[in-house]
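To start, the structure itself, in structure tokens.
None of the figures in this text is laboratory data; all of them are computed from the coordinates on show. None of these values were measured; they are calculated from a predicted model. Ideal geometry is used to build each Cβ from the backbone, glycine not excepted, and the neighbour counts take in all protein chains shown.
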Amino acid sequence: MAFVKKRLSLVTSCLLILFKKLFAYDQMSAYTDQCQIEYRETPYNQSVVDMKCQGQDLELFPNLTQIVNLPIQRLDLRNNSFSKLTITSETFDGASITELNLDNNQFVDIEYNAFSAIDGLRKLTMNNCTLRSRDLDFLRNIPQLSVLSLRSNKIQEISDKSIFIGSPLESLDLSHNSNITILEDVLKALAPTLLHIRLDYCNIDVSNLHFLNGLSKLKTLSMEGAYSTKYNSIQNRFDLLKVWNLESLSLSNSGLKVIFANTFDGLNNLRYLDLSRNELTYQIFDVTNTLPNLQILRLSHNPNIQSIIKILNRNLSELHMEETGVNLISYDAFKLLGDSLKVLNLKSCQLPAEGMFLVDALRPLRSLKRLDLSYNHLKEIFNETFDNLNKLEKLDISGNIIKFSIHDFSGLEESLRSLKLRNMTLRTLPLEALSTLENLLELDASFNNFSNITRNFLKGISVKTLNLTSCNISEIDNNVLHHFHKTNLILDGNHISDLEFLSLLGRNTFRSLTLNNNNLNCSLVELHAKLMVFETLEGRCTIGNRTEPLIKYFTNKFNMKLSSTANGIGRNQNLAVLLTVFISITLVRIFPCH
């Protein structure tokens, strides 16, 4: 009997664990006062609490004494009304908090030891709290803080060298503190730990970057929206600043006109460089070519870059040149990038109508997966343009007025999955060229002028997603879609008035159908509504002076399907409860406790 009782105890324990797993995680949430408290377990089976108190118009901090013996993983106090509150060391009463969010609040004062009593505080965000330079004393007393975000405050100067002494800070974000000045050596105390710093739109003067000196572990530096007081250039050499481990550098929208040849010396680990939205010329390639491990280069929105010369970065995987003045690409520009370049973006450049120059330029790119040539001046595609791009999966040639031929996509027959032909003044689809694409899954031909979709309009085309948004379509032939199976069809923004084209289609023709912003008449819709299965059906029709959702006309079984899906989890849980109770009672009857 002792053995039986032991087995019964084991079974009962297993059932309790099952019960906990089924219900604990989605029902262990309760509201205490105006905070939502959620209990969960970490991957190491440690119970923690998330407290969500944001946007509750609180004037006082919540009472944390109700959380007994459980660490708070995240305490979210954003968007409240603490304007009459002073934060003191007693405010959090020694609570264990890992992440504290105080964004979009104002305080009377923050005492120097306000956060020192919090056990384990590692992340503090106080964005848009009207903090000023004089309010930063509290930073010197958070011994375990590793992530600090003070975006969008009124900090104009960081001059006190002592506030970071002994701090283990790894990430610092001071973005959107306009006209901030960081004095030399202020950040030097963070040299052993600081990995990431963001100073976007702080009007940092990039002609004087001495405050970075000695941050040898720094990996990410972002200074978008900076400026230069000397010749629109960077005056410091990064090797002399000793930031040798930098992997990501952003200087977008910084008014740069020239970057000297040795500026990036020492950045042998740099993988990401963003110099977009400046006034650089093609000579920038002479500078970037010195970066041996560069993988992503963004030069977008530099209208003065008019050509691409030979690129020497053998590890480059992405090149973004959209909205530059590029009208010429050297025949050997990508000669060394055959095994590395995966993404090439030349959207809205000035590529000329004569596209023959693309043949030699693109030929080496045997590893390219995404190519964007949209919104240039191309008028023809030469037969050999894509011949060697047999790994290309996504191609965008929208916005070019191209005369298509059957061989235009030669080389892409097996690889191409997504093709965009938007806004090309097409009246019909280039079926001969498209029919060669054996594995095409997505075709976007939006913003063309198709008017009527005739019987043979999609002959030979079988894709999973077809987008015909805003194509002036008013009529669709009843048989044009009969070969589709679980297709996503987007017909938004056309002039379709009825759904007669659905009348001959099978119930699994569509996975989703969207008809937003058409001229659908509910009475005409009702004539052709039938039992069809959609995962998504979007659109409305008009009846009199009101509009109604299309779903109303596609049988109650559709609604039942959605309802059963939404409630499936709940029913399974109820079944689990009944099963658990039944098994428990049965076991007790079989093995009675004497």
Check which residues have an amide H placed less than 5 Å from T181's amide H, if you skip close sequence neighbours. E157, I158
Of all lysine pairs in segment 223-375 that are eight or more residues apart or on different chains, those with Cα atoms under 19 Å apart total 6
Percentage relative contact order, the chain, counting C-alpha pairs under 8 Å, at least six apart: 5 percent
Compute the length gained on full extension between K123 and E384: take 0.36 nm times their separation in residues and subtract their Cα-Cα distance, giving the result in nm to one decimal. 88.5 nm
Each residue of segment 135-144 in turn: what ³J(HN,Hα) in whole Hz from Karplus with 6.51, -1.76, 1.60 and θ = phi - 60°, glycine and Pro shown as x? 8, 8, 4, 5, 5, 7, 10, 10, x, 10
Mind sorting T288, T324 by how few other Cβ atoms lie within 10 Å of their own Cβ, fewest first? T288, T324
What is the fewest-to-most order of F450, F409 by other Cβ atoms lying within 10 Å of their Cβ? F450, F409
Once you list every other residue whose beta carbon is under 13 Å from the beta carbon of R366, what net charge do they have if Lys and Arg are +1 and Asp and Glu are -1? +3
Once you place label points 7 Å from the Cα toward the Cβ at D109 and R427, how far apart are they in nm? 7.9 nm
Mind sorting L136, L431, L246 by how few other Cβ atoms lie within 10 Å of their own Cβ, fewest first? L431, L136, L246
Take every Cα pair under 8 Å in segment 287-385 that's 6+ residues apart, average their separations, divide by the length, and report that relative contact order as a whole percent. 25 percent
Which entry in (1) 235; (2) 216; (3) 193 matches volume of the Cα convex hull per residue in Å³ derived from the coordinates of this structure? (1)
Once Lys and Arg are counted +1 and Asp and Glu -1 for all other residues with Cβ under 12 Å from that of S228, the total becomes 0
Would you mind calculating the relative contact order of segment 313-443 from Cα pairs under 8 angstrom and at least 6 residues apart, reporting the percent as a whole number? 19 percent
Hey, can you rank 411-423, 349-361 by average C-beta count inside 10 Å, highest first? 411-423, 349-361
Straight-line reach from K530: which lysines have a Cα under 30 Å away, not including same-chain ones fewer than 8 places off? K459, K464, K486, K552, K557, K561
In nm, to one decimal, how far is the modelled label at S523 from the one at S451, with both set 7 Å along Cα→Cβ? 2.8 nm
Excluding residues fewer than 8 places away in the same chain, name every one of the aspartates and glutamates whose C-alpha is closer than 18 Å to that of K379. E354, D360, D396, D408, E432
D332 paired with H483, simple spin-label distance in nm, labels 7 Å along Cα-to-beta-carbon: 4.7 nm
Would you tally the net charge around N439, using a Cβ to Cβ cut-off of less than 12 Å, leaving N439 out, and scoring K and R as +1, D and E as -1? -3
